[in-house]
Amino acid sequence: MKLKMKLRKAFTMTEVLITLGIIGVVAAMTLPPLINNNRNKTLETALKKNYSVIEQALNMYYAQTGERLNSDTLDYRLKTIIMPYFQVIRDCGRGSEASSEALEKTCIPNYANNGDTSKNSTNYKTFNGRAHINLTYFDDGQFVLNDGSLILLENSPAMKRAYISVDVNGYLKNPNRLGQDLFMFQIDEKGRLMPMGLEGTDYYNETDEYCSASSTNNMNGAGCTYKAINEKDYFSKLK
């Protein structure tokens, strides 16, 4: 009698398979959003950390020299001046046109330096992923920080333009999109570090042309930095 009772309480193979199937369906529905939310939270934390690190570097330069770096006075010296104030583990030069395998794996290839501009927009996509961005505004110096972040510089005295951009999780990790893990900052004529997309920066636009899920502009995402820092739900909406 006891044996029969035990048999009645056991699960059949069919019941086990059905249960496992249900668990699989639930996991397939819930795990991707959880993974995505965790990734986006990591990107948010990394952006805010890098924002602070870049500001500290500029402030340390000011404390040591008594002058503010600004877009009016820089003459292609931005990388030389600013890099010593970061914790750098790899100097990429102006891109991985160097033969080092380590550089090729962690630095953005800068084919413009060897004359082949046809490949110079293949590494990152726009905010919505619809097009590849051009690396023109990221080609005046690169270096990797001790946390894996990749700093990219633009320094054009003729245009009075000085940008410091950062891939907060490094070149080897996705999404590799402007405004999602690649963010731009601008040093203005007074030496202030401005999150790109703030009114007064080069990629501010009232209609969000530079930070839009629908824009086809090849610099879509450039103007997202200000939103990413200040809007609480910015990263939770990323896909």
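Note on region 119-239: dipole from Cβ charges, positive end direction compared against L238, N134, N220; the farthest Cα belongs to L238.
Look at L69, L178 and count the other Cβ atoms within 10 Å of each Cβ; fewest to most, that gives L69, L178.
Convex hull volume of the Cα atoms of region 160-218, normalised per residue: 93 Å³. When I229, I164 are arranged by Cβ crowding within 10 Å, least crowded first, meaning fewest neighbours, the order is I229, I164.
Where a number appears in this text, it was derived from the coordinates with a stated rule and is not lab data. Note that the coordinates shown come from a computational prediction; the quantities given were computed from them, not determined experimentally. Neighbour counts are summed over all protein chains in view; Cβ atoms, including those assigned to glycine, are modelled from backbone coordinates with ideal geometry.
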